[in-house]
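Just so it is clear, none of the values below were taken in a lab; they were calculated from the coordinates. Every value quoted in this text rests on a predicted model; they were computed, and no experiment measured them. Quick reminder, even Gly has a Cβ in these numbers, built from the backbone with ideal geometry, and neighbours come from all protein chains shown.
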Amino acid sequence: MDVYIQRSTVCQRGLFTPCLVTLQTWQQLLHDGHSWARISQRVVFRNSLWCTKRRCCISKRRSEVPRATCDAPLDRLHPGSLSALPGMASSPPNVLTPLARALSHHQLDTAESNEVVSPRNAQVHPCRRRQLTSCGSFDGTELASSPSVVEARVLVLNTGGTIGMTLTDNVLSPKANAFVQILRKLPILHDEMYAQQTCMYDYYGSERTLVLPMPTTHSDPLFHSLSKTKKRIIYTIIEYSPLLDSANMTPDDWGRIGKDIEKNYESYDGFVILHGTDTMAYTASALSFMCEHLGKPVVLTGSQVPIYEMRNDGRDNLLGALLIAGQFVIPEVCLYFYNKLYRGNRVTKVDAGSFNAFTSPNLAPLATAEVDIAINWDTVWRANTTVKFQVSTELNRNVGLLRLFPGITAATVRAFLQPPMEGVVLETYGSGNGPDNRSDLLEELKKATDSGVIIINCTQCLRGTVSTSYATGKVLMDAGLITGGDMTPEAALSKLSYVLAKEDLNLDAKKKMMGQNLRGEMTADLAGAKFSLSDSRFIQVVAKSLSISCKEELEAIRDALTPSLACAATKIGDIEALETLKEMGSNLCLGDYDGRTPLHIAACEGNLKAVQYLLTIGATVYAKDRYGDTPLCNAVHFRHKDVVKLLRKTGAHFSRDELEEAGSELCSLVVSGDLEGLEIWSLAGADLNKPGYDGQTAVELANAAGKPEVATFIHNLLNKKVMTAFSGLNDYDEYDEDEENGGGIEFAASPAEREPQPLCPVAK
């Protein structure tokens, strides 16, 4: 069985030349990291076609390979079985998922219950850039059988806390510049052999960069189940100075954390914040509101015992936070502790002496890390907007917490509500009740609300919500208090500080905003699905044919069919079909078997309305398919300028490796005189001054090749004066949107319909 691979060399600048290689030769190329090897569009197995995805670049990153190898002929050999190809490994035998049980219902009696894998296991986003061997030692025996591995980058902000403290003078205190050195010595948190053999420190330019080992090469078999994605998590640690005990944390420190996330947002796939446990819930709540239109995971974690101790919870907490931040697109500020991932503004610390220190009283965990890491995607909060990520560091500090207790005096309440107090979280009894026979107390509350003080009514109970079922609760509403629902005191206080800092809003708008569910901090009265699964005739037919009746199996069928159905509907632009799937409770953000989401399909097809609709229901622009392509990559490849503009406006961007490779792509476009391609790459955020493989920039190459019109065009792009040499290049009018509610988008013009063309010629 022969493998035909279309490739090009940098010497040929994008001209594709077919060649015949073996699987072993291909894997050797992946291992060596040649700068010239570009696996293009197709790999042919006899008469069948297996798509490796266009331009699956294996770029030279750390290996010093002589350029003389560029033109070396490739031998004709026999590759072996298809199952040995990267990404083509077969599933483990004898493991039945709920979907498999549903499809083979007659075998339910013989299946072992412990073989079931949750249908909601997280959908990961592999990246095809910088592919390296997955084995830990690069030895030849493992190379032939090892699938290629990809890397994800995580930024760790070490603010302090118990996790990095040491015992000094019989007390625990933070120790500067020691944390990274300790982690480097822990095999579970750093693979030094991989770092040395791949020149990782030289590439990333920081000795504070570490890499997690591959689970399958770890000595502990229990570690093998933590990651099935063959992904290396590369993480860089930024240590704050001074390191803080969380008791010393202030809103200024929250602003610093937020700005560091914003500054590094496009360079990393996720973020982990090391923090003390005492005020971690306050920081998580504050960051959830400060991070507006968030599209990547931000995970806070820490420990109850320093990581330096033999018996501690810091190693597991840090490892779990890194795996989740690096593997899954969960666009929330979260808190990871004791094998559970919580929504940041839903947690509270409930135990000072247990590893299970946090709980989320009114919301189930977003994820659990047990044998498998299972994500509850139905619970994940999504921004539902088309606005780029930003951090709002303005917080109003004139807020406070006041807890009712029997016999509290009116003078105490009056003193607490005096200026400059602007907002108060009042912790009341039960379901939001207060004394209705205390006219003096109610009068003080009424005076405060009339004078412009916003008072939020939250319950003192750990679980439950505020209601007006009792007369003692209604009197507080009559006094002007705003119902806080089931918000935690930490979330209510942070939200109050965030909203009061909005100087462009009047008092009524701020009160209205306090009653809205901004970041999933409270349980809203959602309309939910308009009809259940059992109401769908399609599901009824499937269920009847498979003899399915229980809810779990119906949901498994729905979740398995939805991605393919949604992608098919997106391809033909059927928005009504997408809405119907959503009304059934389907998650339109999940990918199919290749990890391609409906947003990928819409970007490929250039369907602007579908892209708009998917973004307004929370589709993420950072989702990557099995080849590492994002919707932005697809839109660039098929030259859909309107889609590129919208995705960029929403915050889509190229990865570091894609930006590194942009120079060679731009030079290829210059040689072919492709002005439209140059404009597309410019719109997508590529640096037009990025040098190519030979050190020349696009402008320098255009001048050297005698193409002054191309050089002029590039200069105009650099000066943000986009030429209109092609049809459909006019900019769109400003988008009309409601940032908080994720309203629709209207466009003043649409580009002319035309057949999408790839940026580079593909050999036939």
In the neighbourhood of Leu363 defined by beta carbon distances under 13 Å, the net charge of the other residues (Lys, Arg +1; Asp, Glu -1) is +1
Projected area averaged over all directions for the convex hull of the alpha carbon atoms of segment 132-391, nm², comes out at 14.2
With Ile182 itself left out, Lys, Arg at +1 and Asp, Glu at -1 over residues whose Cβ is under 13 Å from its Cβ give +3
Taking N as the number of residues in segment 387-482, the ratio of its alpha carbon radius of gyration to 2.2 N^0.38 Å works out to 1.16
Given a Förster distance of 45 Å, the FRET efficiency implied by the Cβ-Cβ spacing of Thr523 and Thr712, rounded to the nearest 0.05, works out to 0.15
Taking every other residue with Cβ under 13 Å from the Cβ of Gly432 and scoring Lys and Arg +1, Asp and Glu -1, one gets -3
Simple spin-label estimate for Ser469/Ile617, 7 Å along Cα→Cβ, in nm, reads 3.5
The distance between the Cα centres of segment 178-205 and segment 359-379, in whole Å, is 30
Protection proxy (average C-beta count within 10 Å per residue), highest first, orders 454-461, 493-500, 172-179 as 493-500, 454-461, 172-179
On each of the three principal axes the extent of the alpha-carbon atoms of segment 656-718, given in whole Å and largest first, is 31, 24, 17
